[in-house]
1. What percentages, rounded to whole numbers, describe P(r) for the range 134-288 computed over all alpha carbon pairs with 10 Å bin width beginning at zero?
2. Assuming R0 = 25 Å, can you tell me the calculated FRET efficiency for the pair E142 and R176, based on Cβ-Cβ distance, to the nearest 0.05?
3. Would you be so kind as to identify which of Y245, F169, V94 lies farthest towards the positive end of the dipole of the chain, taking Lys and Arg as +1 and Asp and Glu as -1 on Cβ and the Cα centre as origin?
4. Looking at the chain, how many pairs of lysines come closer than 18 Å at the Cα, when each pair is eight or more places apart or spans two chains?
5. At what distance in angstrom do the alpha carbon centres of the range 191-214 and the range 109-139 lie from each other?
6. Going toward the positive end of the dipole of the chain, with +1 on Lys and Arg Cβ and -1 on Asp and Glu Cβ, which of G128, P5, P117 do you reach last?
7. Report, as a whole number in µm² per second, the diffusion coefficient that Stokes-Einstein gives for the chain at 4 °C and 1.567 mPa s using the Kirkwood radius over alpha carbon pairs.
8. Suppose the chain between E62 and D253 were pulled fully straight at 0.36 nm per residue; how much longer would it get relative to their current alpha carbon spacing?
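Any read-out appearing in this document is the output of simple, stated calculations on the displayed coordinates, not a laboratory observation. Owing to the predicted nature of the structure, the values given are computational and were not obtained by experimental measurement. Methodologically, a virtual Cβ is constructed for each residue, glycine included, from the backbone with ideal geometry; neighbour enumeration extends over all protein chains shown.
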Amino acid sequence: MPVKPYKEWERGLLERLLVVYTEPEARAIARWLLEKRACAGSAQRLLNAPLSLSEAVSRRIEQDIERLLRHEPVQYVLGEAYFFGMRFEVSPAVLIPRRETEELVEWVLQSIAPGQPLRLLDIGTGSGCIAITLKKHLPAVEVHAWDVSSQALEQAARNAAFHHVEIRFSHKDVLREAAASTHNEQWEVIVSNPPYIPKKEKALMQRHVLDYEPPIALFVDDSRPLLFYEAIARYAWHTLLPGGYLFFEIHEDYGMACKHMLEQYGFQQVQLRRDMQGKQRMLRACKA
């Protein structure tokens, strides 16, 4: 195979990706492809080192490009995403971890003193990124994680094993759990990034989200935008210990409605927090 300087390989990929992506996005993806498929990272890039791609690697990158040009997210193409600096296996069975959710995790970590032997529940765990990250930073905490999707739970379990943490995963539907007449569990912390996008917003969303990410983890009916928040609040009211915290990632348009709903349940110190873009995307409440 021909030997070319790193930047020449990068430029060739960049030119093809610009059909779909902005220049910064295309450049980042081109570099990720070269690092993942050709083991050519920042050192080779900075030195503009000579690079020879085998026929197998070239063929794999060509397949990757074809998928990317169909708007498939690069995280699904490469089978990985990064969250809190940690690698997570991802596929269309789970949502791609996002920066806003990192901010939610940061808030949880700020609210819990290290070394406390608490019981924490992550509802709708998906890839397991929230539960696993919290366990890595709070090893004394007993972390449980629920999801309604068996495929998501299998992937989350692989991610937990990769990061050498013990998470107690359960196949559960929070809508059913919330409706149960009795509750046997008790928690000090419940955290959730549930489905919260009304279906009417599909027309405003990008193809790579609509065509590839799991709808079950994204959308709610237009008539019940707080469906999962109401269910989780009901469950949390019965199972959180006094002084326990409930954390949500929320839709920016429903922050006040969610806050009011929690206050009606009796939660105290209900606080909204803005993300780095200035949008109300997080909420914390305390059970008195």
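1. Using 10 Å bins, I get a P(r) of 10, 35, 39, 16, 1 for the range 134-288.
2. Details: r = 23 Å, r/R0 = 0.92.
E(calc), rounded to 0.05, equals 0.65.
3. V94
4. Value for the chain: 4.
5. So the separation of the two Cα centres works out to 25 Å.
6. Positive-most Cα among the choices belongs to P5.
7. 63 µm²/s
8. Result: 64.7 nm gained on full extension.
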